[in-house]
Amino acid sequence: MSDRLIIFDTTLRDGEQSPGASMTKDEKVRIAKGLERMRVDVIEAGFPIASPGDFEAVQAVARAIKDSTVCGLARALDKDIERAGEALKDANSGRIHTFIATSPIHMKMKLRMEPDQVVEQAVKAVKLARKFTDNVEFSPEDAGRSEPDFLCRVLEAVIEAGAGTLNIPDTVGYNLPAQFGALIHTLRERIPNSDKAVFSVHCHNDLGLAVANSLSAVMNGARQVECTINGLGERAGNAALEEIVMAVKTRRDVFNCNVDHLDTTQIMANSRLVSGITGFAVQPNKAIVGANAFAHESGIHQDGVLKSRETYEIMRAQDVGWSTNRMVLGKHSGRNAFRTRLQELGVEFATEEELNDTFARFKELADKKHEIYDDDLQALVTESSQEAANERVRLVALRVCSETGERPNADLTLWVDGEELSATAGGGGPVDASFRAIESIINSECELQLYSVNNITSGTDAQGEVTVRLEKGGRIANGQGADTDIVIASAKAYINALNKMMGDSSRPHPQTGKL
Ligand code: KIV
Ligand code: ZN
């Protein structure tokens, strides 16, 4: 059995199934490049049949990535597999991941199929996928609630049909660590041709056990883990990549496999990139990537760490990239230095105009803020790409008056579909007044579901990064904005969410079975 643990990242596919976390094609390519820099083995880029946008994103990732395998998801249906095969045509190394549900409840209620039909369809799907690539993964969806006997039957048949990876999903996050580990052990023991395939796991976090279940599976012979940056994903999310990787690295005394091929110092950059693009902030006490993950508050801990780091730290902050947020540029930096640093961060500009526009923003920021860090640059690029993609509304000017004892007031001008429109509004605070002014022009009828502010770097001149979540008729859109002035950052975030809401980014869900 291989001692390398294959890391399969599904941030761009399952992660994108988090309500409001949809990403543009360019954003997906940026994240994929970040994952490639970390040397992730497999990047699941999307579900090509879902929409033309999903297809193009998988195709763009397949073309941009050279060192990682790029994977596309497909139900066990001819049209899905053909579409995935087409999207992956130009990949250096491509994989088709096909799935069908195997639990009694899913087969009866969702698929309305008999178990025999499910086996037949799974085998047919794998055989068709093999016509496009030698690298085929099969998942029995809801394996965590499937009958082990039936799982053995399906999995034996798909290995025979040519699946090289068998992924066992705990789709609804129902399993417990000992039970899930035992399931992997049983499958490997009982399936006669199990040695011909790599066993993989894909755990959801509904009971907060996704990482524990995945690690228990690894202890029982799984050699691929499917996970996402920051644990993003459907409902309560997927197993967090950074936690899986650092657990295996830190406790190599108990795992008989390793993640030595990964560059773990890229973890923080990827975490920030994903949270910046999706607007899903990382909680401060989140393991590995939370702001407090390596911070010591109590005097006793601080004293111990100063005497010897190992007294209270089991990992080194720099091993996950905490100290690599370098101050790189300032007011006097030129276009070349700017372009070069962004290239090092994996950002390529499609046109000179895009570079010029982002450089102009950089200069504006450098006037307000002395030291520009990598995270500031990432926020600038995120903002530029979002504006380029959604240009129906833009902020032209905002003046806010906030004074003790007076009701705050906002004077605002927006560019809406080519026309400049102005409004004035009062509010409970300067942010509230700005949002009211925007709404008096747009009348979106959206409900504000979430408003959060994070500082991108430290210091009082740091940029505030604001996330706004809007809801309308069951649709959700997250918007982000960054600025040294948090009222302006807030207005930008609100406008970004409105733009997303107005654009048609709706897409079907891969697991409902309806397209
Ligand atoms: O959770 C799940 O079952 C999935 C499959 C498509 C692998 O995401
Ligand atoms: Zn999933």
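So what's the chain giving for Rg/Rh, alpha carbon basis, Kirkwood Rh from the mean inverse pair distance? If you can, show how the numbers build up before the last one.
Numbers: Rg = 24.0 Å, Rh = 24.2 Å.
Ratio value, two decimals: 0.99.
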May I ask for log10 I(q)/I(0) of the stretch 151-218 at q = 0.26 Å⁻¹, from a Debye sum over the Cα atoms as equal point scatterers with solvent left out? -1.08
Each label point is 7 Å from the Cα along the Cα-to-Cβ direction; what then is the distance between the points at GLU447 and VAL396, in nm? 3.3
Set of lysines near LYS110 by C-alpha distance (under 16 Å), chain-local residues within fewer than 8 positions excluded: LYS514
Among HIS370, ASN292, LEU414 - extreme Cα towards positive end, dipole of the chain, charges at beta-carbon: ASN292
Please list, ordered by chain and number, the residues whose modelled amide H lies under 5 Å from the amide H of ARG39; skip anything fewer than 5 residues away on the same chain. ASP263
Can you show me the helix-derived [θ] at 222 nm for the chain, built from DSSP H runs with n ≥ 4 at -39,500 (n - 2.57) apiece and divided by the number of residues, rounded to the nearest 500. -12000 deg cm²/dmol
Per-residue Cβ contact counts at 10 Å, fewest first, order SER452, SER434 as SER452, SER434
For a protection proxy built on the mean count of beta-carbon atoms within 10 angstrom, sort 175-188, 478-491 highest first, please. 478-491, 175-188
Among 417-430, 78-91, how do they line up by average Cβ neighbours within 10 Å per residue, starting with the highest? 78-91, 417-430
Rounded to whole Hz and in sequence order, give me ³J(HN,Hα) for the stretch 9-21 from the Karplus expression 6.51 cos²θ - 1.76 cosθ + 1.60, θ = phi - 60°, writing x for Gly and Pro. 9, 10, 4, 7, 10, 5, x, 6, 7, 5, x, x, 9
Over the chain, what is the relative contact order in whole percent, taking alpha-carbon pairs under 8 Å and six or more residues apart? 11
Could you name the aspartates and glutamates in cross-link range of LYS331, using Cα to Cα under 12 Å and dropping any fewer than eight places away on the same chain? GLU364, ASP367, GLU371
By average Cβ neighbour count within 10 Å, what is the ranking of 224-235, 250-261 from highest down? 224-235, 250-261
Which whole number in µm²/s is D for the stretch 128-249 by Stokes-Einstein, with the Kirkwood Rh taken over Cα pairs at 4 °C and 1.567 mPa s? 91
Computed from the beta carbon distance with a Förster radius of 35 Å, FRET efficiency for ASP116 and THR186 to the nearest 0.05 stands at 0.95
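Please report the antiparallel percentage of the DSSP beta bridges confined to the chain, to the nearest 5.
The antiparallel fraction comes to roughly 50 percent.
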List every DSSP H helix in the chain whose Cα atoms extend 15 Å or more along the helix's own long axis and whose mean Kyte-Doolittle hydropathy is at least -1.0. 52-64, 115-132, 148-161, 177-190, 267-278, 374-389, 430-442, 486-502
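We did not get these values from a lab; they are worked out from the coordinates using the rules stated. These numbers were taken from a predicted model, which means no experiment stands behind them. Every residue, glycine as well, gets a Cβ built from its backbone with ideal geometry; the counts of neighbours run over all protein chains shown.
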